[in-house]
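So the structure is just underneath, and the comments pick up after that.
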Amino acid sequence: MSEKVESQSGSSSVLGAIKWVVVAALVAAAVFGNSYFSEMSPLYRALGVLAVALVAAFVALQTEQGKAFNQLRKDSAVELRKVVWPTRQETLQTTLIVLVFVLIVALLLFVLDWALNGMISTLIG
């Protein structure tokens, strides 16, 4: 039974590799086609590249890595819905606090620089 499982995973990896080669060939064809048909309208070339990219994405999503990526995308969307976003007032208050602290630190650095510059100038002559 373990031989059957190994055989299936081996053929699955070969099939996955073939799918990735097809994806790479489609991307290469889109790049070459865009260059080869440079005299055509950019709109038609963009639509052609988009169509080939969609086919390449579809093929890539049929691989194990593509399925895992799609599942990650779905899980991320679910987690994003769980995020509690700050209200407008909270955002404004936080922004104001950051600005005040930046101004305070800038003022302290200015005074420190001014004082050190005066001391060095006095020392040097």
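The values are calculated or read from the model by the stated rules, or taken from the named source; none is laboratory data. No experiment lies behind these values; they were computed from the predicted model shown. As a convention, Cβ positions derive from the backbone with ideal geometry for all residues, glycine included, and neighbour counts pool all protein chains shown.
Details
- Inside the range 68-85, residues that are acidic (Asp, Glu) and either surrounded by fewer than 10 Cβ atoms within 10 Å (Cβ to Cβ) or at pLDDT below 95 (or both) make up a count of 1.
- Residue match in the range 89-103 (condition: exposed (fewer than 10 other Cβ atoms within 10 Å of the Cβ), at pLDDT below 95 and more than 30 Å from GLY16 (Cα to Cα)): no
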